[in-house]
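Notes follow the structure.
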Amino acid sequence: MSNKKLTTSWGAPVGDNQNSMTAGHRGPTLIQDVHLLEKLAHFNRERVPERVVHAKGAGAHGVFTVTNPEIAKYTKAAFLSAAGKETPMFIRFSTVAGESGSADTVRDPRGFAVKFYTEEGNYDLVGNNTPVFFIRDAIKFPDFIHTQKRHPQTHLKNPNAIWDFWSLSPESLHQVTILMSDRGIPATFRHMHGFGSHTFKWVNAQGDAVWVKYHFKTEQGVKNLDVDLATKLAGENPDYHTEDLFNAIENGDFPAWKLCVQIMPIEDANTYRFDPFDVTKVWSQKDYPLIEVGRMVLNRNPENYFAEVEQATFSPGSFVPGIEASPDKMLQGRLFAYSDAHRYRVGANHNTLPVNRPVAEVNNNQRDGSMRADGNGGGSVYYEPNSYGGPTESPQDKPSPFVVSGLADSAAYDHNDHYTQPGDLYRLLTPDERTRLVENIVGAMMPVEKDEIKVRQIGHWFKADLELGQRIAEGLGLPVPQGV
Ligand code: HDE
């Protein structure tokens, strides 16, 4: 028996939580039963809008430890400044297309969103479990996601839209090949790599910059789910990955990843064989080998899912000194989209919530806004510049200046080889992996109504690899398009 009194949200003790107050034993319920009114009204307001993508996910707390003392050569970011330096972090894994109640074991990229609570503010590295993406300009994202979601009339998933969009957006071929491979259905969130995907910029204390790509290498080893088992689990235990992560940490089996980077000298961007800011392409690790940075260990489960996972807000724009954006058009679009989504979904003061609050002291003149629960700056000075000793800007922390050139224009990328890298990927696979890839593609494309769409997509697979294109065409009982 608890010795705590049940109370209302205003802290008053509740006399009766079993029976509504009525006028007489069988009379109508009284509007003065404010405890009843509050319970029903708050219940109606328990849901915040789910994420428009990545709605289904699971989170965990952990710690990041720098292991490479040399890494400080490339960036002045304080949390990377010395071997052994530890930074608390929070991660949220997710699927992309499904709603918040959808199954974990579907064929889909997985979100891999990391928030480092550094002494210089939060650094969010909001990536996926694949190094590339389907498109390379933010302007196409809403259309792409529409094809991944439900048909506006039938409310059903729509393979015609999916493959129509992909077959008309050949830049998607690399990511689609990865998605249709074994790696499209990870065994658990613990047995998959993570990537920053985009190119970012690191700047050191002397102001020298390099381009970087992030790789989180799972120490659990990459394992994927058999398609039939995944389908079975999606029905029998739609929260299989969520449960696995929670139980592993609960049992002290802490999952870990080694964080590495590829580093490209700043001037190489102008001469590399393709646009290094094109997020549908990977950089060869022969050209730019992996350099170890540190190790991430997840060692604490959330106390409360809604408070810590549902309310977690990540933004690729949450940079810290020494880490900056690249001109990657997808990254540029995301710099707006994420905080905009958070202001809508969680509220203007989302960064004051415990799971999002920096460990670094926050000093700015942002005031008011809904649900301001952090003192709202008290009586401190609330504008800048001022002569009352308020916080001041620190020019040494400005992002590094860089040269821009050319016309202001909506210009397409000038590099359009969308076939070499997916073809190379196919040729790297074992015979069994190739066969499963072909089976997965044929299975996913079979329901598409229009042969025109299927033939157009076969043409892309064919350009990536002759054998791949022929095997898919045979599987679909369709010809390889002429002149491919
Ligand atoms: Fe996202 N993405 N995204 N995305 N994304 C969101 O933010 C967006 C992209 C990723 O666990 C949204 O809070 C645009 C690439 C993850 O909370 C939204 C574009 C990559 C998560 C959004 C992209 C990602 C999101 C949805 C094209 C991997 C979940 C609700 C320019 C590198 C984070 C929200 C979490 C979530 C926008 C493409 C990863 C709408 C505009 C590429 C892991 O803001």
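The values are calculated or read from the model by the stated rules, or taken from the named source; none is laboratory data. Every value quoted in this text rests on a predicted model; they were computed, and no experiment measured them. Positions of Cβ are generated from backbone atoms using ideal geometry, with glycine treated the same way; all protein chains shown enter the neighbour counts. Surface areas here come from the heavy atoms of the whole protein model, side chains and all, with no ligands, DNA or RNA. Shrake-Rupley method; radii C 1.70, N 1.55, O 1.52, S 1.80 Å.
So that you can scan it fast, the table gives a plain yes or no per residue for (1) among the acidic types (Asp, Glu); (2) open to solvent by 90 Å² or more (accessible area, probe 1.4 Å); (3) at pLDDT below 95:
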| site | (1), (2), (3) |
| --- | --- |
| Asn386 | no, no, no |
| Pro391 | no, no, no |
| Ser400 | no, no, no |
| Arg427 | no, yes, no |
| Glu433 | yes, no, no |
| Asn440 | no, no, no |
| Met445 | no, no, no |
| Lys450 | no, yes, no |
| Trp461 | no, no, no |
Meets criteria (modelled with pLDDT of 95 or more, near the ligand (Cβ under 9 Å from one of its atoms) and assigned to a loop (DSSP other than H, G, I, E, B)) for Pro327: no
Being within 13 Å of the ligand (Cβ to nearest atom) and out of contact with any Pro (no Cβ under 9 Å at 6 or more places or on another chain) is the requirement here; does Ala161 meet it? no
Within segment 358-384, restricting attention to residues that are open to solvent by less than 60 Å² (accessible area, probe 1.4 Å) and in contact (Cβ under 8 Å) with a residue 60 or more places away in the chain, which residue is farthest from Asp137 (Cα to Cα)? Ala360
Within the set of pairs 6 or more residues apart or between chains, which connect a residue that is among the charged types (D, E, K, R) inside segment 330-351 to a residue that is within 6 Å of the ligand (Cβ to nearest atom) and in a loop (DSSP other than H, G, I, E, B) with Cβ atoms less than 7 Å apart? Arg345/Arg51
Does any residue of segment 136-154 turn out to be among the basic types (Lys, Arg), more than 25 Å from Phe90 (Cβ to Cβ) and more than 12 Å from the ligand (Cβ to nearest atom)? yes
When every residue in segment 66-83 that is in a helix (DSSP H, G or I) and open to solvent by 50 Å² or more (accessible area, probe 1.4 Å) is compared, the one farthest from Lys201 (Cα to Cα) is Pro69
Does Glu303 fit the bill of being free of Cβ contacts under 8 Å to residues at least 12 places away in the same chain and outside any helix (DSSP H, G or I)? yes
Please determine whether any residue of segment 378-388 is within 16 Å of the ligand (Cβ to nearest atom), of a type in the set (Gly, Ala, Ser) and more than 24 Å from Ala205 (Cβ to Cβ). no
Scanning segment 84-113 for residues that are more than 9 Å from the ligand (Cβ to nearest atom) and part of a strand (DSSP E or B) gives Glu86, Thr87, Pro88, Met89, Phe90
Hey, among the residues in segment 201-218 that are open to solvent by less than 70 Å² (accessible area, probe 1.4 Å) and not in a strand (DSSP E or B), which one's nearest to Gly127 (Cα to Cα)? Asn204
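Can you name the residue in segment 52-76 that is in contact with a Phe, Trp or Tyr (Cβ under 7 Å, 6 or more places away or on another chain) and of a type outside the set (Val, Ile, Thr) and is also farthest from the ligand (Cβ to nearest atom) among such residues?
Tyr74
Kindly indicate which of Gly252, Gly235, Gly221 is open to solvent by 40 Å² or more (accessible area, probe 1.4 Å), more than 25 Å from Pro316 (Cα to Cα) and part of a loop (DSSP other than H, G, I, E, B).
Residue meeting the stated conditions: Gly252.
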Cβ-Cβ below 6 Å, separation at least six or inter-chain, first residue in segment 171-200 and open to solvent by less than 10 Å² (accessible area, probe 1.4 Å) and part of a loop (DSSP other than H, G, I, E, B), second of a type in the set (Val, Ile, Thr) and within 13 Å of the ligand (Cβ to nearest atom): which pairs? His198/Val279
Answer residue from segment 1-58, given it is in a loop (DSSP other than H, G, I, E, B), in contact (Cβ under 8 Å) with a residue 24 or more places away in the chain and farther than 30 Å from Ser94 by Cβ and is farthest from the chain's Cα centre (by Cα) among those: Thr8
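Is it the case that segment 330-344 has a residue that's under 25 Å from Val52 (Cβ atoms) and in a loop (DSSP other than H, G, I, E, B)?
No, every residue in segment 330-344 fails to be under 25 Å from Val52 (Cβ atoms) and in a loop (DSSP other than H, G, I, E, B).
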When you look at Asn416, is it surrounded by 11 or more Cβ atoms within 10 Å (Cβ to Cβ), in a loop (DSSP other than H, G, I, E, B) and touching a Ser or Thr at 6+ places or on another chain (Cβ under 6 Å), yes or no? no
Kindly indicate the residue of segment 335-354 that is open to solvent by 40 Å² or more (accessible area, probe 1.4 Å) and of a type in the set (D, E, K, R) and also nearest to the ligand (Cβ to nearest atom) among those meeting that condition. Asp340
Residues of segment 295-324 satisfying the condition of being within 15 Å of the ligand (Cβ to nearest atom) and surrounded by fewer than 18 Cβ atoms within 10 Å (Cβ to Cβ): Tyr305, Phe306, Ala307, Gly317
Considering only segment 99-144, state which residues are within 14 Å of the chain's Cα centre (by Cα) and aliphatic (A, V, I, L, M). Ala113, Val114, Leu125, Val126, Val132
When segment 175-226 is examined, which residues are found to be among the basic types (Lys, Arg) and either within 13 Å of the ligand (Cβ to nearest atom) or within 30 Å of Gly252 (Cβ to Cβ) (or both)? Arg183, Arg190, Lys213, Lys217, Lys223
Can you name the residue in segment 114-129 that is of a type in the set (S, T, N, Q) and more than 8 Å from the ligand (Cβ to nearest atom) and, of all such residues, is surrounded by the most Cβ atoms within 10 Å (Cβ to Cβ)? Asn129
What single numbered condition from (1) touching a Ser or Thr at 6+ places or on another chain (Cβ under 7 Å); (2) assigned to a helix (DSSP H, G or I); (3) more than 15 Å from the ligand (Cβ to nearest atom) fails to hold for Glu292? (2)
